[in-house]
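Trainee: What follows is a structure written as structure tokens; I'll ask about it next.
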Amino acid sequence: MYDDRELEEIRERREEWEADTLEPSLERGERKDRFATVSNHEVDRLYTPGDIADLDFEDDLGFPGEPPYTRGPYPTMYRGRTWTMRQFAGFGTAEETNERFHYLIDEGQTGLSTAFDMPSLMGIDSDHQMSEGEVGKEGVAVDTLADMEVLFDGIDIGEVSTSFTINPSAPVIYAMYIALADQQGVPREEIRGTLQNDMLKEFIAQKEWVIPPEPALEVVTDTIEFAVEETPKFHPVSISGYHIREAGSTAAQEAAFTLADGFAYVEDCLDRGLDIDDFAPLLSFFFNSHNSIFEEVAKFRASRRLYARVMDDWYGAEADESKRMKFHTQTAGQSLTAQQPLNNIVRVTIQALAGVLGGTQSLHTNSFDEALALPSEKAVRVALRTQQIIAEESGAADIVDPMGGSFAIETLTNEMETEIMDYLEEIREMGDGSIRDGVLTGIERGYFHREIHEASYEYQERVERGEEVVVGVNEYTIAEDTSPEILQIDETTRDRQLDRLERVKDERDDEAVDATLEALSDAIENDENVMPYVVDAVKAYATMGEIMAVFEDHHGSYQEEVAPV
């Protein structure tokens, strides 16, 4: 972007500035001896064209909507339409969450995002002994298709995009949504939404699993294969770095381990015989957005660029849509504090702005009271209004890639890409040239756990030493009541949920249920795609627990055992 003569002149001019202008100012000192991001990535005082001397505009930046997509996946970005505002919602029974869905739609939300309770997440029914005390507590309880019918009562799923944050039991929820579309007369090829369904991330960070990693990976690939044929507008997997970051990783680790998981799914689909340009456009990603705004923008841009290059160079993707990374962003739950909770509004605003400046396709903003409980209606409104103010009042949505060309941002983007690729090559080496095998090996050896734990411990040490300031926690503290009014889950939730589950079991055709479960068992035994059989089972009103038990009977339960290195 600059010729050698210009760069030399800039270097000479910088040396003059440092000697004549900077040095006298440094006699008074700076706020800190060292400046670094939340990930402890050191940042320089000043960036100039000399820091990006090797940057090639066409190959490294280019234009939005064209490879390598550094500047955004679409040419007009938010000038065409703003990102999808998708607030996470779910608590109690389907009736209560349906009411919250309608509230959010009335308040201007443009997409739905569903949170499930722990029994649903783990694939057990509300009447299971392990469910006691958990039904409806941290999300909505869903046992059968009857719950899904109530959950979307009055909502045309042909007109709304819906996200489902669920993993081990994701195929069952996906099947229920398809069955609901069939009931509503919505063509399967028209339903839109995203299923998280990222099992590799579960073994790395979030720890929700039922069956072991390899068969879990096979089921994910089944859902991708099924989506290609049946629901081409629905994303069957959202490859998620969010939980990796929440577990304590750095920004670069979050991006690297997420991309590694994504490429593992790509390799498994290719081994299945799928065409990359058929399934790759359905892959979506999910990232965290933390407090260090410039690091986050760089992470998003570097991930997009690296993904395009790897999909082209390693996997031979030809269609632009196969190389175009699309991602959802959620602000950092880990950064929220119970102390002075209104401060969280500011944190969330900074994090949301980073997501927008980095080119996210959809966004969830955390509520200020989420360090204390499920969000209250007031807090949810503030979180949604935060997005709307950024979109309508800040001007951030009016310029495509407004940070592009910044010497600091381009330098950080390059550094981030290098660090991410170093991790990917290390994982690939663990798999003898296969990212998929490297991820599975890394899970078995505890590689990802150690990397994340070390980063998390190092961050907490900096907080304890006061090197990392957390306002209201280790600086600027006040005496306060940290038990404000919070959302309470009705204690009758479990009783009401069990009543509906009992009614469904009484009214359904048990022979039909048994037949569909037996057919699913045979499909697993014969290595068939399981999704058509799961759809049949949910239509017969088989329960979540009954369906997941079939998988567990065949593959066994997973018990984490970390082998010595």
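The values are calculated or read from the model by the stated rules, or taken from the named source; none is laboratory data. Since the structure is predicted, the reported quantities are computational estimates derived from the model, not experimental observations. When we count neighbours, we look across all protein chains shown, and the Cβ atoms used for this are built from the backbone with ideal geometry, even at glycine. Areas reflect the complete protein model, heavy atoms only, side chains present, ligands, DNA and RNA absent. Shrake-Rupley method; radii C 1.70, N 1.55, O 1.52, S 1.80 Å.
Trainee: Give me the percent of DSSP beta bridges within the chain that run antiparallel, rounded to the nearest 5.
Mentor: Here the antiparallel bridges make up roughly 5 percent for the chain.
Trainee: With every protein chain left in place and a probe of 1.4 Å, what is the accessible surface of H41, to the nearest 10 Å²?
Mentor: Roll a 1.4 Å probe over it and H41 shows about 50 Å².
Trainee: May I ask you to list the lysines whose Cα is less than 25 Å away from that of K32, ignoring any residue fewer than eight positions away on the same chain?
Mentor: K32 reaches K299.
Trainee: D for the chain, whole µm²/s, Stokes-Einstein with Kirkwood Rh over alpha-carbon pairs at 37 °C and 0.692 mPa s: what number? Spell out each step's value before the answer.
Mentor: On the way: Rh = 24.8 Å.
Calculated translational D: 132 µm²/s.
Trainee: Which value, in debye to the nearest 20, gives the size of the charge dipole of the chain about its Cα centre, when Lys and Arg are +1 and Asp and Glu are -1 at the Cβ?
Mentor: 1700
Trainee: Can you give the Kirkwood hydrodynamic radius of the range 141-297 from its Cα pairs, in Å with one decimal? Before the final figure, lay out each step's value.
Mentor: Details: mean 1/r = 0.0613 Å⁻¹.
This gives a value of 16.3 Å.
Trainee: Also: If N is the number of residues in the range 192-244, what value comes out of its Cα radius of gyration divided by 2.2 N^0.38 Å?
Mentor: 1.14
Trainee: Have a look at F257, L282, Q196 and report the one farthest towards the positive end of the charge dipole of the range 182-329, computed about the Cα centre with Cβ charges (Lys/Arg +1, Asp/Glu -1).
Mentor: F257
Trainee: Same structure, new question: Only four residue types carry charge here, +1 at the Cβ of Lys and Arg and -1 at the Cβ of Asp and Glu. Report the dipole size of the range 209-299 about the Cα centre in Debye, rounded to the nearest 20. Write down the numbers at each step before the final one.
Mentor: Working: 4 positive and 17 negative charges, 96 e Å.
Value, rounded to 20: 460 debye.
Trainee: Work out from phi, with θ = phi - 60° and the Karplus expression 6.51 cos²θ - 1.76 cosθ + 1.60, the ³J(HN,Hα) of each residue of the range 58-63, listed in order in whole Hz, and give x for Gly and Pro.
Mentor: Computed from phi, the couplings for the range 58-63 are 5, 7, 9, 10, x, 10 Hz.
Trainee: Here's a follow-up. What whole-number distance in Å separates the alpha-carbon centres of the range 416-435 and the range 119-165?
Mentor: Their Cα centres are 37 Å away from one another.
Trainee: Let me ask something else about it. Once you compute Rg and the Kirkwood Rh from C-alpha atoms, what is the Rg to Rh ratio for the range 15-116?
Mentor: 1.23
Trainee: What do you reckon, how do M176, M77 stack up by accessible area (1.4 Å probe), largest on top? Mind showing how you got there, number by number?
Mentor: On the way: M176 0, M77 20 Å².
Result, largest first: M77, M176.
Trainee: Rounded to a whole number of µm²/s, how large is the Stokes-Einstein D of the range 222-275 at 37 °C and 0.692 mPa s, given Rh as the Kirkwood radius over C-alpha pairs?
Mentor: It diffuses with D of about 266 µm²/s by this estimate.
Trainee: Another question about this same structure. In whole Hz, with x marking every Gly and Pro, tabulate ³J(HN,Hα) for the range 358-366 from phi via Karplus 6.51 cos²θ - 1.76 cosθ + 1.60, θ = phi - 60°.
Mentor: Karplus-based 3J(HN,Hα) across the range 358-366 equals x, x, 5, 8, 8, 8, 10, 9, 5 Hz.
Trainee: Averaging over every viewing direction, what projected area does the convex hull of the Cα atoms of the range 346-501 cover, in nm²?
Mentor: 15.8
Trainee: Quick check for me: using +1 on Lys/Arg Cβ and -1 on Asp/Glu Cβ, what's the dipole size of the range 237-381 about its Cα centre, in debye to the nearest 20?
Mentor: Dipole size: approximately 700 debye.
Trainee: Whenever you get a sec, line up I452, I350 from highest to lowest accessible area (probe 1.4 Å, protein heavy atoms).
Mentor: The ranking, largest first, comes out as I350, I452.
Trainee: If you take the charge dipole of the chain about its Cα centre, with +1 on Lys and Arg Cβ and -1 on Asp and Glu Cβ, which of L46, H128, H235 is farthest toward its positive end?
Mentor: Among L46, H128, H235, the one farthest towards the positive end of the dipole of the chain is L46.
Trainee: Students often check this: by mean Cβ neighbours within 10 Å, which of 116-123, 155-162, 433-440 ranks highest, and how do the rest follow?
Mentor: 116-123, 433-440, 155-162
Trainee: Based on the alpha carbons, how large is the Rg to Rh ratio for the range 47-100 when Rh follows Kirkwood?
Mentor: Using Cα coordinates only, the ratio equals 1.36.
Trainee: Please turn the phi angles of the range 510-515 into ³J(HN,Hα) values with the Karplus equation 6.51 cos²θ - 1.76 cosθ + 1.60 (θ = phi - 60°), one per residue in order, whole Hz, x for glycine and proline.
Mentor: Computed from phi, the couplings for the range 510-515 are 5, 5, 5, 4, 4, 5 Hz.
Trainee: To one decimal place, what orientation-averaged projected area in nm² is obtained for the convex hull of the Cα set of the range 233-306?
Mentor: 5.3
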